[in-house]
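The values are calculated or read from the model by the stated rules, or taken from the named source; none is laboratory data. Since we're looking at a predicted model, the values are computed, not measured. We place every Cβ from the backbone using ideal geometry, glycine too, and count neighbours over all the protein chains shown.
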């Protein structure tokens with residue numbers, strides 16, 4: 001039983017990564033109907049920026065802010081940088097393409113993804129880089145017989161806090177309602193006085209920022225990062241978005257968590273090698289029986 | 001009001017019996033009985049949200065009804081797929097015109113002929129004689145229908161580039177190209193000006209006279225309903241509330257109430 | 001009065017027919033003038049052309065969002081690889097077999113999900129592609145050789161005397177296959193099948209209401225597209241003499257997707273141009289190694305910005321392809 005809960009916690013940890021990245025996909029997709037392939041690379045870039053801060057400024061930061069403060073600063077810098085990168089990419093690669101339709105936007109997103117991925121490779125090199133060890137003290141806790149690391153606790157707490165904040169903004173604030181309205185019907189929303197540009201600004205700064213924070217967390221958790229990590233995580237996160245139901249933000253979060261748990265159980269009870277096959281098969285089965293995802297949109301097409 | 005003799009003597013071409021359609025919690029159509037006789041122009045009217053388009057969608061196979069039957073040409077077609085129903089002889093147009101926008105007008109109308117040909121992969125790849133003949137026939141029929149709706153000049157224009165009124169007629173041409181027994185038109189006069197509406201009415205009356213076809217339409221424009229219908233069925237709240245000749249319906253108090261409300265209702 | 005069938009192409013060359021002759025001439029002479037390295041590049045251009053044409057059926061003609069097409073390519077390649085190395089079946093005989101294997105796979109796998117709406121279909125195709133690749137890596141039943149793949153594939157041979165084993169021979173082989181494919185696809189475009197596909201792309205509901213069996217034609221597109229990708233897999237496998245899962249990644253599916261979009265959806269000449277871009281661009285910019293992919297990504301974005309319809313968009317209501325073959329000055333048909 002304990003082992004089961006430990007696996008569950010591992011699954012939730014991975015799931016939180018997917019959930020936070022999936023939020024970025026879901027926000028952009030809901031508003032623009034665009035699969036932002038570059039989003040995975042925002043995540044990767046954030047990870048690398050965090051790496052740079054933590055490796056090259058560690059002495060300075062530890063003295064001024066302490067060990068935990070250093071991590072916090074790294075998170076903030078990564079988040080800020082990616083907020084800028086995110087809005088820059090939107091202006092350069094997506095905004096000019098909106099009038100052309102959805103499929104050209106996909107190509108453009110792929111182009112942006114290639115560009116970012118290779119920028120990372122050019123700056124940091126094609127080899128794996130390693131995050132410093134013991135950024136969070138390597139303390140193992142035993143809570144009620146369940147073994148969990150402090151790092152996991154920090155990650156889970158931070159992730160759920162972030163998800164909670166985003167949930168609150170989207171579901172409970174006026175601006176969140178504006179975002180949701182725009183996702184449902186962009187033209188009417190702007191006729192109602194909702195500033196589309198503000199909504200775009202929001203999703204292309206917050207989404208990438210969340211991705212960046214996730215990137216730093218992933219770096220701390222797995223220690224090894226590579227310039228292709230954006231692709232792998234991006235694909236899983238996009239899967240989570242669909243699993244939860246397109247354009248449904250809480251759905252994306254839940255989708256990510258479920259995906260992480262499924263992946264963990266696939267790895268443990270089937271095999272590490274086949275876990276991704278297992279995950280995709282589950283996804284396909286879900287879609288066959290619930291074509292709009294687990295919590296998906298219920299739009300009836302008016303014929 | 002008794003049925004006119006002409007109607008009593010012709011056979012029933014389409015009949016819905018106790019048709020029921022439910023969407024989640026909403027019962028859009030409930031226990032609806034409709035009869036359409038061969039060779040007539042039959043109108044289905046009612047206030048917005050009465051369920052008229054839902055009936056159309058059920059009859060043409062886009063929705064599967066939860067209850068009831070649809071009998072067409074003495075055959076039960078309940079639950080059949082749209083393309084099967086077209087092959088059996090029902091063709092429709094849509095409330096919001098649904099053409100193939102980046103294809104030419106000719107190609108749009110040729111779509112109707114798709115179900116009347118049968119060339120498959122092999123025949124198409126190797127241009128068998130049968131395939132060539134089918135292509136020729138399809139083009140001829142499409143061209144003739146384009147002439148019929150006076151759009152032959154626009155043959156090679158993209159459908160999205162022609163005028164709104166022309167687009168309506170193009171959709172009708174496409175439906176006619178399927179060689180239908182029953183033509184089902186959803187608010188065909190919507191968005192047309194007075195002149196275009198009169199042309200449409202003349203077109204439909206001429207169509208009934210010249211060809212072996214029956215017409216069922218949803219309409220809001222009372223001039224059209226009164227002007228060309230042989231029979232009118234009235235819906236409200238998913239149910240039939242009256243049917244009869246246009247004159248009878250026009251003076252029917254229940255119908256007036258459904259459209260205008262009673263005098264007792266509070267001003268909103 | 002100016003011949004209204006004149007296009008830029010016909011004006012430049014004097015007529016559509018002249019243009020075709022010149023292009024054909026270049027194609028035939030090229031391998032005799034170039035070194036093996038460059039002939040091989042042209043070979044891979046041909047493979048991408050075939051792959052692009054195969055995806056074009058699904059994505060370009062029908063408008064189905066397929067991002068897992070590399071899976072069909074892989075099935076074709078591995079069918080050839082396994083049946084040839086394990087059972088000694090000749091490679092050329094395996095060409096239709098690979099097409100069939102990929103087609104059957106497509107049929108089996110797409111039937112339950114063909115009704116899914118655009119974006120959901122997209123993720124399912126991605127998933128399918130990944131499942132194929134992962135299955136190949138995991139070496140079930142010791143069939144697929146795992147991450148290293150299968151090697152020792154024979155060359156295609158017609159009888160004991162005519163073996164395709166040189167760069168030039170492979171070059172002509174692939175382009176012959178591409179040529180036949182183009183001829184077939186042009187025929188389909190002008191047939192009720194091609195039109196049905198396009199009707200579905202434009203408006204699925206209207207297509208059904210006009211009498212088209214939407215489900216059937218969507219499946220047909222996938223099956224045909226898979227078959228052609230399977231053929232590409234067969235030829236690829238026999239040229240390289242070995243296959244491994246890393247040639248069939250999600251990235252490959254994305255490249256194929258870009259070929260169709262950059263070239264022009266549903267446009268056969270467009271797809272050829274798109275394939276040229278995808279396969280030749282990295283070669284032309286090889287000297288810049290590190291930076292070429294940056295340029296590649298940028299060009300993709302710029303292409304969509306300035307020519308979202310593709311390099312050579314499908315023209316409707318304009319001169320049919322055959323009219324391009326008319327000599328200058330000939331009257332309209």
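When C:76, C:149, C:71 are screened for being more than 14 Å from chain A (Cβ to nearest Cβ) and within 19 Å of the chain's Cα centre (by Cα), only C:76 passes. You will find that of B:46, B:79, B:61, B:68, the residue that is on the phi > 0 side of the Ramachandran plot, away from chain C (no Cβ under 14 Å) and buried (at least 21 other Cβ atoms within 10 Å of the Cβ) is B:46 and no other. Is the stretch A:245-252 home to any residue that is under 14 Å from the mean Cα position of the chain (by Cα), more than 10 Å from every other protein chain (Cβ to nearest Cβ), surrounded by fewer than 22 Cβ atoms within 10 Å (Cβ to Cβ) and in contact (Cβ under 8 Å) with a residue 24 or more places away in the chain? Yes. Candidates in the stretch C:163-221 are the residues that are part of a loop (DSSP other than H, G, I, E, B) and in contact with a helix residue (DSSP H, G or I) (Cβ under 6 Å, 6 or more places away or on another chain); of these, the one that is farthest from the other protein chains (Cβ to nearest Cβ) is C:164. Could you go through the stretch B:88-102 and let me know if any residue there is away from every other protein chain (no Cβ under 13 Å), in contact (Cβ under 8 Å) with a residue 24 or more places away in the chain and either surrounded by fewer than 17 Cβ atoms within 10 Å (Cβ to Cβ) or more than 24 Å from the chain's Cα centre (by Cα) (or both). No, the stretch B:88-102 has no match at all. Scanning the stretch B:148-173 for residues that are in a helix (DSSP H, G or I) and touching a strand residue (DSSP E or B) at 6+ places or on another chain (Cβ under 8 Å) yields B:159, B:172.
Residues that are touching a strand residue (DSSP E or B) at 6+ places or on another chain (Cβ under 8 Å), at pLDDT below 95 and under 19 Å from residue B:219 (Cβ atoms) number at least 3 in the following helices (runs of 4 or more DSSP H) confined to the stretch B:1-92: B:52-59.
Among the residues in the stretch C:229-240, are any more than 14 Å from chain B (Cβ to nearest Cβ), surrounded by fewer than 19 Cβ atoms within 10 Å (Cβ to Cβ) and more than 17 Å from the chain's Cα centre (by Cα)?
First, pick out the residues of the stretch C:229-240 that are more than 14 Å from chain B (Cβ to nearest Cβ): C:229-240.
Next cut, surrounded by fewer than 19 Cβ atoms within 10 Å (Cβ to Cβ) only: C:240.
Those still in the list that are more than 17 Å from the chain's Cα centre (by Cα) too: C:240.
Yes.
Residues of the stretch C:266-285 that are touching a helix residue (DSSP H, G or I) at 6+ places or on another chain (Cβ under 7 Å) and modelled with pLDDT under 85: C:281, C:282, C:283, C:285. For the stretch B:157-172, a residue qualifies if it is more than 10 Å from chain C (Cβ to nearest Cβ) and closer than 19 Å to residue B:115 by Cβ, and the qualifying residues are B:170, B:172. The one condition from (1) in a helix (DSSP H, G or I); (2) in contact (Cβ under 8 Å) with a residue 12 or more places away in the chain that residue A:88 does not meet is (2).
Among the residues of the stretch B:112-128, not a single one is facing chain C (nearest Cβ under 9 Å), exposed (fewer than 14 other Cβ atoms within 10 Å of the Cβ) and touching a strand residue (DSSP E or B) at 6+ places or on another chain (Cβ under 6 Å).
Provide a single number: the residues in the stretch A:118-143 that are within 30 Å of residue A:32 (Cα to Cα) and either more than 8 Å from chain C (Cβ to nearest Cβ) or part of a loop (DSSP other than H, G, I, E, B) (or both). Talk me through it step by step, then tell me what you get.
From the stretch A:118-143, those within 30 Å of residue A:32 (Cα to Cα) are A:118-121; that's our starting set.
In the following step, the residues that additionally are either more than 8 Å from chain C (Cβ to nearest Cβ) or part of a loop (DSSP other than H, G, I, E, B) (or both) were identified as A:120.
Total satisfying the criteria: 1.
Name the residue that is surrounded by the most Cβ atoms within 10 Å (Cβ to Cβ), counting only residues in the stretch C:112-122 that are in contact (Cβ under 8 Å) with a residue 24 or more places away in the chain and either at the interface with chain A (Cβ under 7 Å from one of its Cβ atoms) or under 19 Å from residue C:205 (Cβ atoms) (or both). So that I can check it myself, show each step before the final result.
First, the residues of the stretch C:112-122 that are in contact (Cβ under 8 Å) with a residue 24 or more places away in the chain: C:114-115, C:118-119, C:121-122.
Among the residues that remain, those that are also either at the interface with chain A (Cβ under 7 Å from one of its Cβ atoms) or under 19 Å from residue C:205 (Cβ atoms) (or both) are: C:114-115, C:118-119, C:121.
Values: C:114: 19, C:115: 14, C:118: 13, C:119: 18, C:121: 22.
Once the filter is applied, the top-ranked residue is C:121.
Taken over the stretch B:107-122, the residue count meeting the criterion of being assigned to a helix (DSSP H, G or I) and within 24 Å of residue B:88 (Cα to Cα) is 11.
Considering B:205, B:132, the condition of being more than 23 Å from residue B:58 (Cα to Cα), within 14 Å of another protein chain (Cβ to nearest Cβ) and surrounded by fewer than 18 Cβ atoms within 10 Å (Cβ to Cβ) is satisfied by B:132 alone.
Exactly one residue among B:154, B:142, B:175 is within 13 Å of chain C (Cβ to nearest Cβ) and at pLDDT below 95, and that residue is B:154.
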